[in-house]
Structures are given as structure tokens and as C-alpha cells.
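Some notes on the structure that comes next.
The values are calculated or read from the model by the stated rules, or taken from the named source; none is laboratory data. Just so it is clear, the model here is predicted, and its values are computed rather than measured. Note: ideal-geometry Cβ built from the backbone for every residue, glycine included; neighbour counts use all protein chains shown. What goes into the accessible areas is simple: the full protein's heavy atoms, side chains included, and nothing from ligands, DNA or RNA. Shrake-Rupley method; radii C 1.70, N 1.55, O 1.52, S 1.80 Å.
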Amino acid sequence: MSILKSEYYPQEFEEKRVESWVKNKIFKTFDDSDKPKYYALSMFPYPSGKLHMGHVRNYTITDVIARFKRMNGFNVLHPMGWDSFGLPAENAAIERGADPAEWTDKNIAYMKGQLNRLGLSVDWDREATTCKKDYYKWTQWLFLQLYKNGLAYKKMSPVNWCENCATVLANEQVIDGKCWRCDSPVTKKNLSQWFLKITDYAEVLLEDLDKLEGWGDNVKTMQRNWIGKSKGAMLKFKVKEIEGLEIPVFTTRPDTVYGITYLVVAPEYPDIEKLTSPENKKAVEEYRENAKKLSEIERLSTERIKTGVPLGTHIINPFNGRVCPIWAADYAILDYGTGAVMAVPMHDERDFDFATKYNLDKITVISGGDGKNCYTEPGVLVNSEQFNGMKNEEAKSKIVEYAKEQGFGDFKTQFRLRDWLISRQRYWGAPIPIVYCEKCGMVPVPDSDLPVCLPKDVDFSVKGKSPILTSKTFEDTTCPVCGAPAKRECDTMDTFMCSSWYYLRYSDARNTNKAFDKKLVDKWLPVDQYVGGIEHAILHLLYSRFFTKALKNLGLLSFDEPFKNLLTQGMVLKDGSKMSKSKGNTVDPDEIFRNYGADTARLFILSDSPPARDFDWSDAGVEGCYKFLSRVWRLYSKYQDNIKLEPQIPQNLNKNDEKLVRETYISIQKITNDIENEFQFNTVISRYREFTNEIYDYIKDENNINYDVLSFALVSLLKLLSPVAVFMTEEIWEKLGGKGSIHEQAWLKFDEKKAQASEVTFVVQINGKVRDKFEAGVDEDKEALIERAKNCERIIPYLDGKEIVKIIVVPKKLVNIVVK
RNA sequence: GCUCCAGUGGCGGAAUAGGUAGACGCGUUGGACUUAAAAUCCAAUUAGGCUCACCCCUAGUGCCAGUUCAAGUCUGGCCUGGAGCACCA
């Protein structure tokens, strides 16, 4: 009697399976286990409403890894959660009058259903949702730990401002002068804001990148660029007109100090008013006003012609006593180095352009150029007094040493990385747990008063200020120290704060007394395999590394890097371009589940490209995967009554039997290796197909089927497929009478010897070109192989009348005869 | 400008440690089954040449050199595309 239908109808069993998996919590992870731990993690989603194909790709990859590791005897932690604070919820509130919390909950519920429908083996008992009080309580607590240890501070400074989002942004969130979220131009505003001292960790964040062998070079390079270390010198220049005033300058080219002809300060330079002479005051003020009006995009444009204005004052070059004018120019940036630049027109392109435009002096101090154009290559010092004749690379340190002796300079390492601006003037985020008291000043909210909850009585329609300020209940409070009336901090935290520690929370997600237990976090972390999009190469991945290092220094953790291995998956494209609603080329996962089932979606999203590369979605490809699964299904349906779950391979096998047994071992070996080696799922799936083709080949001769041999192949295929086609394999396993879930079975062992044929094809080459082939045993003697090669029918003519110079024999591969 | 990655048929992509280039799939073409279609199965599919049937020959992994018995793979120099950084002093 047939139990398995003859045709593959995933719709008939996939959803039922989901229900029972969720109900029975078969993927629950326990902390106490003798097995070694393995932590597989996907970057958690923002609950925007519906899954997109990028999610499907991301989570399928991680899920297959989790299942593979589970079958290989690991105690696997594979959690999921929601990066659920952030502007979209607030915008929904503004546009539709929805409560951000309700809007978010609704989205989470729907997307959770989709994740289950996709067949993810997630332990939902560890779900973390960043916008829930039981989570953001600990985000706030962690902020306070950083604050109490001097790693969080508030300061007034020019910051990035997005008019459209009505909030400040971190440097990492400004892409080409535009807001990362809404693409509108970013301007500078002078505001008092909260920062985290990520710059304290610049050096170690950079150095430790070398330890991250499991990260791709692309991500590491991006982080290196972003941290931007440069070695150089800090030099101090006395101002001629003002006694006691010095301008410090950072330079990477101390070898060119004798070529300085002027000095530039940024328009926002703090001392600029002091440095302006009375007769230049008007012009300078005008210039600064104009500079302010420029947007970041305009200002940062390298094509723009540099502008500036002289301040009327001068510096004295301490090396040669030369008096040089001070200019304000917007090619100097306030927050890099000291905001002031020494200008050497002959050896710096920017200075050269500027000096040419404003007719400033140019002095050659490095030989090698033509004396007319700017020369930035290496050379020998000239016009540099006692340093003349020295190679410029050598002069760099010599000159700084000299400056150090004389007391006007020193070596200096400068980083491009700025402190992380974490306060936001928005509602839907974790409130910063600080109270301002007139008497006591800035007071942290005591742990016992956490969480500081978001108010409900807010008006989202306000313009120009944070909605949180419309609450009648939030801002006014009492001072935790003296009890006097006080004001709350009304800014909330950047959502990247919440996502900088969620992977720690999963280790102990239901803890109500702590953010996480140290023992548990040390047991599970670091993450063994992290999977996510390249767009977080800097933002999330850098912040999380910083958090981990900071929390380790606070004694909360014992490890200093959060993610041991990182896989950055490529984008999902359709017709060659990124899927997007505006282009109308999106594919709805629900529709794929409905029409083909989740197994087809999983199989396809892993099939065509290696995970790190972009993946081009095609309807034909989906169809092809569905057909493949149907083809596999028919095998089991046809032989369901003959399949033995524990087959015994007999001793005396015929050639076909032997071949199928060997192909089975080859499949186990190749699939195992390809998963272990960089998760090359595309070749894993090729092998599924090849193996299936082999099985079809075997059953062609219906009268000569050995059911032990066939069962061995079919049961192996089922297990090999189980991490990918999770529903189908479970359905078949159950119907064949397998014990428990197929997902709890042990992975297959392979025997390299059994995966090897006794006979192989040897290629015969003449001077490296293939001319003939022959079959021979793997262990055949070298001389015998040469003899066989020489006597090949098509080889003989090539040897006729030629001298054999050399013969190379490569075991199991080829014989190459070199003739003259 | 600096840094990183990639370039292989009509397409996505294979090719342990240098050893039969084009696995597997998509597409296309032809065939079987069928009244017909769908589904399924079988075959062909880098280009050019040949007594284009069997064989066989030549060229071929962005370009130019080099190392080697042998190069998609290694070395040097380019070209193209993508990504990141960038008036960073």
C-alpha cells in the first residue's frame, strides 16, 4: 500500500509540519549539554512588514548551517529577534495615526509566521525584541555602565542633521553627504549631543582586525579605511601678532616643513575670531556665513574650486623663521586633526591649487619635479637647511625628532574615526536614562528605576521637535539624588545601540535580573558563524566590536571579538538589478511558498551563486528547483515499499551496484566538504542533482536492482538533502517509518577509500597537450603506466622519429611525454 | 587619487595542492510517449575546420609578457566592471 503519493505536493504537508515543529519546540536549545557549542546567527531583521528575498537568502543560509552543525553533533544556538526601534514605525504613526508599538507588534507577528513558514530551526524561547521593555531596560543599563566608566559623554559640537528625519546622525550614517535612511541632504548643526568614545578603541579595533581570520578581506579593509590611521607629526606654530597663541597642526609630511608658505584653518575654527585682524573682520565673517550655508554634499565635492579668505595674521615657521599668512578655507575640516593645516603648495595638490588661485608663494623642498608643477613623489630634500640631501622618507622622522628636541613638535598618530553620536531627537527608541537636576547636575537614573519607559501620551504630528516632548508625563520628574523637581533627557538612543549587544542577549534572553549572565554569555559567545549583508560592514559590525571590547574591559565578558566568522551574503537581484519596490521587480516570498513551497524557495536561493556573490532570481530557476524536488520525490514514492532504513551492503556487488555505492560516498564526501569549506551551497546542490541522476541511472535496469544498495543511496540522499529541503525530507522520513525527526539524525560519515574507484582514466599528453586516454588501476606501477601510454594508438605517431626528453607521471591523473 | 573584490559558452556558474576547461543547472534545438497538450524521459548544445556520421585537428578562461613538461589557477605589467574611503592635511 502506498503512503507517499506519486506526485510531490508540498502544500499538503509543509504548513502542517510548521505547526507541529513550533508547537513541540523541536528546535529548543538547552544550555546544559555535553556536546560542543555552535552559535549560528543571522543579522536580525527590522520588522518592516514583510520578508523580502534578501531575508530569505540570509536566513536560509544560516538555517542550513545550523542544521548541518546539529546533525554533526553540536549543541547549536540559532536564535532570532527583532531590531524593532527606528524611524519607519514612527513614520507609520505620523502617516496613518498608528501606535508605533502596535504597528511593530503586528509586523513582528506576521514576519514571525513567515520565518516559520520558511522552515527555520529557530529557538523562539530566546527571541529578543529591542523595543520591548524587558530588552531596552538593559540597553539603558549598558549605556549607564558606559557612562559611569567615562565612555559616554555629552558635548556641544557641529553634528550631522537630517532635516527630513528631524534628527542628528552618526558619521557612519551619512552616505555621500546624504542621510542613510531617506537620502536627503545632511547639514551641520551645532547641538549638545551624546557620544560614545569609540575613538578610545580606534587602535585596538584596527589591530584586532588581523585576528579575524574568519572575516573577508573586503569587510576588514572597509573597517580599516573607516578607522583611517595615519602616522605623522603634530607641529606647533606661534602666531606672530598674538603673544602666547599657538596653532597646532597635524601633518603626514613633516619632510616638507621648509616648503610651508601659508597656513589654513577651517571656517569653524574656534580661535578664528582672535586670529582675525580688525581690517579683515568683515570679509572673514562674510566668508564664514557663506561656508555655513553650503550643504555637506557641496562642501565635500572635490570638484568644487577651493575658496578662502586671509585672516590678516601670520604664523612663524619655527624651522626657518619664515612668516606665513593664515587663511580660512573650507578645504580644511574642523574635526580632523586640529582643524588647521600647514600648506606646502609645491608638494600637495590641494595647497597647490589654492596657492595658484590666490597667488601665494611656492617653494620646492623635494627634488624630482619640474619646479613648476606640484610634486608629491619621493625625492631628496632641498632648500631645507641642515636636512638638504636627505631622502624624504628618512627626513620625516629626523625632522620630527629635531622639532621634539626644540620643543615645537612631536610624533602623532591620527585616526579618521570620530566618536559615535548616539542621541536622536525621535520617539521610537530607548530613552537615554539621564536626569538633569538644577542642583545635582547630570544624574544617571538608578538601576532600580530602569527601564525609563516611553510615554504613550505623545502627538506624532508635531514638526521640528521630537514627539516625545509633547508628552505631559515624560519630561518632568524628580532628581534621584535630592528629590527636587528635575527634567529627563528627552533624546532616545540610536537603534544601532540596541543592535550592538543583541547577540549577547540571546545567550540568556529571559533573564530579568541581568542583561545576561556572565557564565552563559561566555559559554555561547563568540558567535561561530555570523551571516548578514555587506551594508553593515562598517556600521553595525564596527559598533558591535566596540561594544564587545568595552564590555570586556568593564568585566562583563571574557572575550574581545563578538563574531569569529563572518559571511556577507550578496544581494538578491532580479533581471540584473537590485530588487526594489520602485523598480517593480520584487518577488514576494509568500507567493513562492504558496506556489512551490518553502523547500523550493530554500533550494533555489542557495543554488545558482555562491553565498557571497549576488544572486539573480529567475522564475525559470524556481521552476527548475521544483522539478528537481519532484524528481527526487518520485524516487521515494516509487520505491517506498522497498526502502530499508538500515540497509546492509553485501560483499559481492556487480559493477552497477559498486558504482552507486561509490557515488553515494562521493556525494557524502563532497557535500560535507563543500559545506564545511566556505558554505559553497551552489556546488552542494549540483552534487544533489548529480547524485540523483546517478540513482536514476542505476534504476534503469529494473531487473537488476539490489534494494540494499538502492536504499543506501536513497537514505543517504534524504539525509544529505535534509538541511535544505527540510519539509520534504521530514515527510518522507516519517512515511518510511524513520524514528524521530530526520533533523535529529546524525550526519553521514564518509570513507575516502570507498569514494575512490579502483580504475581511473589516465590522460596521455604530448608536450602538455591531451592526445589520448586509457583506463588503469589506481595503484598501477609507474613504469607500466608509461608503457601503456607509449603504446596508445594515437600516441604512437607522435613519438615516431622524435626524441623523448622527459616523462612526467601524475598518480591517478596523467602521463605527459615531452618530445623534441 | 587610495584600498579591496571580480572578469570563464546565449545565461548563472564548476574546476582539492598548477594536471582532461566548461561539472551542475537555466535557455535553445531535436526526439520518445500522447488524438493533442501538460508532465515525464532521451539526446545535442564553446567557436572554427574536416570526406561537418564516427573520429580527428586548430583556437579558446579580459589583454600583453614571463615561470613550468603542463597555467583559468603562479609572477610582473596593463584594461574593464563593482564596492568602500576620500579637500583626512
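Probe of 1.4 angstrom, ligands and nucleic acids ignored: what's the accessible area per residue over the range A:30-82, in square angstrom?
On a per-residue basis, the range A:30-82 sits at 28 Å².
Along the Cα→Cβ direction, 7 angstrom out, place labels at A:Lys23 and A:Lys231. What is the inter-label distance in nm?
6.7
So what's the net charge close to A:Lys398: Lys and Arg +1, Asp and Glu -1, counting the other residues with Cβ under 13 Å from its Cβ?
Neighbourhood net charge equals -3.
Using only the heavy atoms of the protein chains and a 1.4 Å probe, how would A:Asp616, A:Asp517, A:Asp183 rank by accessible area, largest first?
Largest accessible area first, the residues go A:Asp183, A:Asp616, A:Asp517.
Between A:Lys35 and A:Ser758, how high is the FRET efficiency from 1/(1 + (r/R0)^6) when r is the Cβ-Cβ distance and R₀ = 41 Å? Nearest 0.05.
0.60
Take the solvent-accessible surface of the protein heavy atoms, probe 1.4 Å, and return the percent of it on the range A:154-304 that carbon and sulfur atoms account for.
49
Which three numbers, in whole Å and largest first, are the semi-axes of the equivalent ellipsoid of the range A:1-55 derived from its Cα gyration tensor as √(5λ)?
29, 22, 11
Quick one: with all protein chains in place, what share of the accessible area of the range A:617-693 is carbon or sulfur, to the nearest percent (1.4 Å probe)?
That fraction is 41 percent.
Let's test the formula: R0 of 51 Å, r as the Cβ-Cβ distance of A:Ser6 and A:Lys133. What FRET efficiency results, to the nearest 0.05?
Using R0 = 51 Å, I get an efficiency of 0.45.
Quote the FRET efficiency, to the nearest 0.05, computed for A:Met442 versus A:Glu273 with a Förster distance R0 of 35 Å and r equal to the Cβ-Cβ distance.
0.75
Report the full-extension gain for the segment A:Ala612 to A:Glu286: residue separation times 0.36 nm, less the Cα-Cα distance, to one decimal in nm.
Full-extension gain reported as 112.2 nm.
Find how much the distance from A:Arg510 to A:Lys16 grows on full extension, using 0.36 nm per residue of separation minus their present alpha carbon separation; answer in nm with one decimal.
175.0 nm
What relative contact order, as a whole-number percentage, does chain A give when Cα pairs under 8 Å and 6 or more residues apart are counted?
14
In chain A, which helices (entire DSSP H runs) extend 18 Å or more along their own long axis, judged by Cα positions, while averaging at least 0.5 on the Kyte-Doolittle scale?
A:707-721
Is chain A best put as rounded, prolate or oblate by its Cα gyration tensor, with a ≥ b ≥ c the root eigenvalues, rounded for a/c under 1.5, and otherwise prolate when a/b is larger than b/c, oblate when not?
Oblate shape, in that a/c is at least 1.5 and b/c is the bigger or equal ratio.
Which percent of the accessible heavy-atom area of the range A:1-106 goes to carbon and sulfur, probe 1.4 angstrom?
51
Figure the gain on full extension for A:Ser582 and A:Met156 (residue separation times 0.36 nm, minus the Cα-Cα span) and round it to one decimal in nm.
Taking A:Ser582 through A:Met156 to full extension adds about 149.4 nm, to one decimal.
Using mean Cβ contacts within 10 Å as the protection proxy, how do A:662-673, A:495-506, A:677-688 order, highest first?
A:495-506, A:662-673, A:677-688
Note down the relative contact order for the range A:351-399 as a percent, whole number, built from C-alpha pairs under 8 angstrom at least six residues apart.
Reported as a whole number, the value is 24 percent.
Ignoring ligands and nucleic acids, what accessible area does A:Leu169 show with a 1.4 Å probe (Å², nearest 10)?
Accessible area, nearest 10 Å²: 10 Å².
I'd like the distance separating the alpha-carbon centroids of the range A:496-515 and the range A:230-255, in whole Å.
One Cα centre to the other: 46 Å.
Can you work out the PRE-style zone for A:Glu385? Point 7 Å along Cα to Cβ, and I want the residues of the range A:244-270 with backbone N under 13 Å.
Taking a point 7 Å out along Cα→Cβ of A:Glu385, the residues of the range A:244-270 whose backbone N falls under 13 Å are A:257-260.
Explain nothing, just the number: relative contact order of the range A:1-111, from Cα pairs under 8 Å at least 6 residues apart, as a whole percent.
31 percent.
Does a label point 7 Å from the Cα of A:Ile94, set along Cα-to-beta-carbon, have any residues of the range A:436-474 with amide nitrogen under 17 Å, and which are they?
Once the point is set 7 Å along Cα→Cβ of A:Ile94, A:458-471 turn out to lie under 17 Å by backbone N, inside the range A:436-474.
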